[in-house]
1. In what sequence do A:71, B:281 fall when counting other Cβ within 10 Å, fewest first?
2. With r as the distance between the Cβ atoms of residue B:32 and residue B:224 and R0 = 56 Å, compute the FRET efficiency 1/(1 + (r/R0)^6) and round to 0.05.
3. Only counting other Cβ atoms within 10 Å, I'd like B:32, A:37 sorted with the fewest neighbours first.
4. Using the number of other C-beta atoms within 10 angstrom as an exposure proxy, rank B:17, B:8 with the fewest first.
5. For the pairs A:40/A:167; A:5/A:116; A:8/B:302; A:82/A:116; A:12/B:357; B:295/B:318, flag any whose C-alpha to C-alpha distance is greater than 27 Å.
Amino acid sequence: MGLRKLIKKCAKNDIEAQKEIYQLFAGKLFSVCLKYSENKQEAEDNFQDGFILIFEKIHQYKFKGSFEGWLKRVMIHHILAKYRSKNILNIVTEEIPDIVEVEISDNEIDLDDLLKLIQELPERYRLVFNLYVLDGYSHKEIAKMLQISEGTSKSNLSRARIILKNKLENRISNQKIG
Amino acid sequence: MKERKDIDRLFQESLKDFEELPAPKVWNAIESKIQTPPNKHLLPLRLRGFRVAMIVAISLTIAAVYMLPKYDYFSILPKTNDSELLSSKKQSEKNINAIKKETQPEGFVVEKKLNVTQDNENKTVDNENIDINLKKKKSTGFLQNEIDYLNSISKKRKVDKKKIEKQDNNFTISTVFAPIYSNSFASEKAGLLNNGNILPNLSYAYGVKFAYQLSKKFSLQSGINIVNIGYSANDIYVATNVSAVNFSHLSNNRFKSLPELMASTEPMASASSQLNEKGILNQIFGYVEIPLELKYNLINGKIGMNIVGGFSTFLLNKNEAFIQTNSFSQSLGEMKDIRSVNFSGNIGVDVDYLINKNLYINVSPMLKMQTGTFINDSHGFYPYYLGIYTGINYKF
């Protein structure tokens, strides 16, 4: 069955089609949730609610642009809405350097460790880092999405980079000691 | 070999193709939640329900007006013109003279069987529910639209929640249709005429009802009905000696005016069987009925059950009486001893069947006992009717 037909069936609440869509995109969308959430449990909660929302709103998808992109946006917005409701995003702007580098060799740190580092970031930094670095939103876009200023977005990003760099270096040095 | 890497690039490259499947239990949780119809179907369902309600209401109205037997009192009257009436009168007078003034005080000797007929007319209306639906159209600015869309999600959920809460305390508008079995609590000597034998009569009613949910258990309901009630005394034997008018206890003074024929003071003849004529005495009372009833919910679910009690106010808007025989018919004018406002006590049960969240049908057997119908209660005529009220109800 074609994706278009599947989407239309989902809009009619066809459980089989919904299951198929889920199986097709669960991996990609759960990885988004893992990156934007604090831990796996929270990621599962976000993923579950986000997927229900997707099925509720799937009739709004007008077959313009990538369906996967649409799914991802709905999921990200769902997560942002949750954190925004917690009012965690108002922070003070600080000026911090733009480029942060880390000295690392190939395969020195695995994927799970990198993911864990992102999850360990404070919520405000994690969201901005994900949006800017991993999902390609601009500071202007992030500012609108999170209802903060562009300066705050930049500041959050720089803070996130610094934290990640320090933690990464600590982890590498611990590995050496270990 | 170590190299300095931009931290952004490090994460981008490492997580580019990252995918991880959630635990199987997650789908089970999602599946259980999406089994219930999603909110997007609320509006279409409501509109569909409204359309169905409208179609059925209109069909019922048409059926009631054109297909069901409607008791037209005037249509049963023989078509007599003035000349026929006059000749009838002259013939009567001839017969009377031939009997040579063996006058009895009674002008009409009346024997009868009494029938009560009753017509109720209600009018049906329905209303449209306007649902709040948050819609955001995608236009040019992708990001702004996404933000708007994001906002709409949270707002929509709040509105949906409020909507559901509101539905617990909402208005209902209903169509009403009821076959009515009418009768009277009357003693053997009560009724329109002496030795009355009031026969039950089957009629119908239709109208509109409004209800407001006061609490989880109680709701208040009212409406407007137009009711025509007819009482007919069939098989009346009328002797056409017309010196005075006496229908036993149905005396002259019950009428505001009497026709010349009936009030004639010509010499009377005895009511010989030769002169007796079979006729019908009809009275029509038209009312605007305003019920006010309290409904108490006993069982709530797909099939619900309620107890209904209250009263109705009847405002008289039609009052006519006429006599009809094979040879003549004559209006008797208005009855003057009927109250312009009277009441009924109402009690019954209401069983409803939920079609969807907003639409349900109901069947409600109701007993309505009228009181204060006549100024002089000595007539001993206490009408009541039992109606099986059915309706299509729309909550909004």
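1. Lowest to highest Cβ neighbour count: A:71, B:281.
2. 0.75
3. Neighbour counts put them in this order, fewest first: B:32, A:37.
4. By the 10 Å Cβ count, ascending: B:17, B:8.
5. Values: A:40/A:167 20 Å; A:5/A:116 38 Å; A:8/B:302 31 Å; A:82/A:116 21 Å; A:12/B:357 19 Å; B:295/B:318 31 Å.
Over 27 Å apart, Cα to Cα: A:5/A:116; A:8/B:302; B:295/B:318.
Throughout, read-outs are computed from the coordinates displayed, never taken from laboratory work. These figures come from a predicted structure and were not determined experimentally. Using ideal geometry, Cβ is built from the backbone for each residue, glycine included, and neighbour counts are taken over all protein chains shown.
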